[in-house]
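Some notes on the structure that comes next.
No lab work stands behind these numbers, since they all come straight from the coordinates. Remember, it's a predicted structure, so these values are computed and weren't measured experimentally. Here the Cβ positions follow ideal geometry from the backbone for every residue, glycine too, while neighbour counts run over all protein chains shown.
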Amino acid sequence: MGNNIQLLSALLISLPLVLAFGFLLGHWFRVYRERDKKTTLTLLSAVFDHTHDGVTITDKTGNIIAVNRTFTQVTGYSEAEVIGENPRLLSSGCHDAEFYKNYWQALIDTGIWQGEIWNRRKDGEVYLEWLTCKAVKNNNNEITHFVAVFSDITEHRRQEARLEHATEHDRLTGLPNTASILRELTKSLPNLQRQWCVLLLDIDNFRLVNSSYGFAVGDQLLNNIAKRLQGCCTKGLIARHSADVFIIAAPLASNSDDERLALINSLRSCIVKPFSILGRLMEFSFSVGATTWDNANLAINTVLQEAELALHASKSRGAGQTRFYSEDLRADKNPLAYLQGLREALGNNELALFYQPLVTAATGKIHALEVLLRWTHPVMGNIPPDHFIPLAERHGLMESLGHWILQQALQQYASWQKSGIAPPHIAVNVSPVEFQSENFVANVMAALKKHQVKPSSLELELTEGVFVQQDPSTLEKLEALSKHGINLAIDDFGTGYSSLAYLKHLPVNQLKLDRAFIQGLPENEADRAIVESTLALCRGLKMSVVAEGVENKEQADYLNRKGCDYIQGFFYGRPVDKDQTSQLLIKQKNAIT
Ligand code: C2E
Ligand code: CA
Ligand code: CA
């Protein structure tokens, strides 16, 4: 691309010049006889001196009869030094005899030669020029002179090379990047003698390194790993794939498990040794996902995807594991396969909010609407939130997803308020990952302000895990939200830590009893015991209780009898889209008035 632009611009600049010189020279000889010599020479010398291109004029035997100022600047030779010499004087030795033969042949056959040529300046430096040489003929069609116009494109070429390096390499480690290694690999397709083991190496818990020791330490670690990998994998290709993932492609002589394992073991033994970073000795564990490229018909991108699937599978088993790709990882439901889609889902309008009522047990009236996210994938159809939310959390998408959900939910709630049909509360689920964000409270407050929704209308549903982490910043955030008047609910209660003791000190208003304890009601004795004791405890703590997953009248009646405050479940209403929810709200309003 760069070459083409260079070529084009050189062509545009040099060709007219060469033609002009050719014309002027021809003209010169004609007018010489016509005694108009003086004007023409003045004209010629003006063009000669003011052009930024170097110009060399030789006689038909190739001896230089004139050069311009730029020639002198570029080559370092003065006019006196080159007059009478052959341009061979500038030869760099970079081109073979064949090259010059073709050059002269083209000049004689077509009258013009154009191309890149390496020459040598007087000081010995080799430079690259874009040269256009034209044979000048007299009226008898005999060659009388050659006019060569050239520009020094060495610096352009260097810039191109620098640009190429910058776009092909990772700035931090200097390693090639993914695109570059893939391109390199496609030049060495696998065959019977040589196959490739393509593996991804991921530093376990790298985020913690950055957050605990700072980015300088993280950067240093990445640099040290890159160097060590280069040292211990001399036969393979190495690239930085993403923040803390490296690609290694090593040649294999066979498709044997032993060879692959030996390769990975040698890599592991080289990088598990402690790293000395800013005066500290640190040890790390690594997850590896690997695959073999033994089929030249398989695109390298697909091979990389296989390694990614293997890495994902390896990480899901815990830190420090190695996993080889196998076909079962490529099932349609494979999370990674649709992760890319999730990144685009927001922009493509594939995500939508559904709403499910939480009903006051005693009256059957809607007390709140819980916001539930829906993803309709163009190919895979509906993907349940508990499949893709954990993925979004692991891959850093949850914060922006959570932000979008809150904005949409509050906008919708505000519009129901304007229509006079809004229930008292809107309940939004908050992922622990979102909650961890430093700006969480400020973001929630800003969203409420933007949509002019009172904080007391908002309920945030947080899972037990968030409350159990009793670190100061969690407590501070909970206190801040509560002080602003936002209601806090513990979601899925009973599935995690099942202890109410820690709730005493927390600003929580509501507890949502998980469906697991509701399903067996009213028959199951153990479930009854749990539900009844939870209700009693919450009464003492002045917390309201929501029973989740209520699917039939018996369950609803039982819970109502036992003093459960709110009921949510298919019995009262499934999650439905905003239009159906609007109808439900209108129906309820009409029933009341
Ligand atoms: P959750 O917060 O416990 O939400 C209640 C889940 O129970 C919903 O599943 C709902 O459709 C389902 N459900 C409600 N009533 C019944 C019932 O009577 N019977 C049965 N069998 N199920 C019932 P859904 O919508 O598939 O959501 C699953 C989980 O995904 C949610 O569990 C929540 O943890 C997460 N989630 C959904 N939307 C969001 C969101 O916007 N943000 C976050 N952070 N998480 C969300
Ligand atoms: Ca919930
Ligand atoms: Ca729940």
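Observations
- Contour minus Cα-Cα distance for ASN552 and ARG183 (0.36 nm per residue): 126.8 nm
- For region 238-314, radius of gyration divided by Kirkwood radius, i.e. Rg to Rh on alpha-carbons: 1.02
- Mean Cβ neighbour count within 10 Å, used as a protection proxy, ranking 291-300, 186-195, 116-125 highest first: 291-300, 116-125, 186-195
- Prolate/oblate/rounded label for the chain (Cα gyration tensor, a/c 1.5): prolate
- Here LYS227 is the anchor, and the lysines within straight C-alpha reach of less than 20 Å, apart from those fewer than 8 places off in the same chain, are LYS235, LYS273.
- The chain - share of DSSP beta bridges that are antiparallel (%, nearest 5): 70
- Likely footprinting exposure, TYR77, TYR355, fewest C-beta neighbours within 10 Å first: TYR77, TYR355
- Degrees between helix 2-33 axis and first principal axis of the chain (Cα, 0 to 90, nearest 10): 20
- Taking a ≥ b ≥ c as the square roots of the eigenvalues of the alpha-carbon gyration tensor, region 351-592 is classed rounded because a/c is under 1.5.
- A simple spin-label model places pseudo-atoms 7 Å from Cα toward Cβ; at SER242 and VAL126 they are separated by 4.3 nm.
- Cysteines in the chain that, by Cβ-Cβ distance, have no pairing candidate under 4.7 Å: CYS94, CYS133, CYS197, CYS233, CYS538, CYS564
- Residues listed by number, region 171-190, amide nitrogen under 17 Å from ASN297 label point at 7 Å toward C-beta: 189-190
- Think of the chain as a dipole: +1 on every Lys or Arg Cβ, -1 on every Asp or Glu Cβ, centred on the Cα centre; then among PHE99, ASN382, ASN140, ASN140 lies furthest on the positive end.
- Straight-line cross-link partners of LYS137 among the lysines, defined as a Cα under 30 Å from its Cα and at least 8 positions apart when in the same chain: LYS37, LYS38, LYS60, LYS101.
- About the centre of its Cα atoms, the chain shows a dipole size close to 1060 debye [charges on the beta carbon of Lys, Arg (+1) and Asp, Glu (-1) only; nearest 20 debye].
- Unit charges on C-beta of K, R, D, E only; dipole of region 90-170, Debye: 420
- Point-charge dipole on Cβ atoms (K/R +1, D/E -1) for region 351-592, about Cα centre, debye to 20: 980
- Rounded to 10°, Cα long-axis angle of helix 215-232 versus longest principal axis of the chain: 60
- Furthest towards positive pole of dipole, GLN412, LEU488, GLN510, structure part region 351-592, Cβ charges: GLN412
- Between helix 385-394 and the chain: long-axis angle, C-alpha atoms, 0 to 90°, nearest 10: 50
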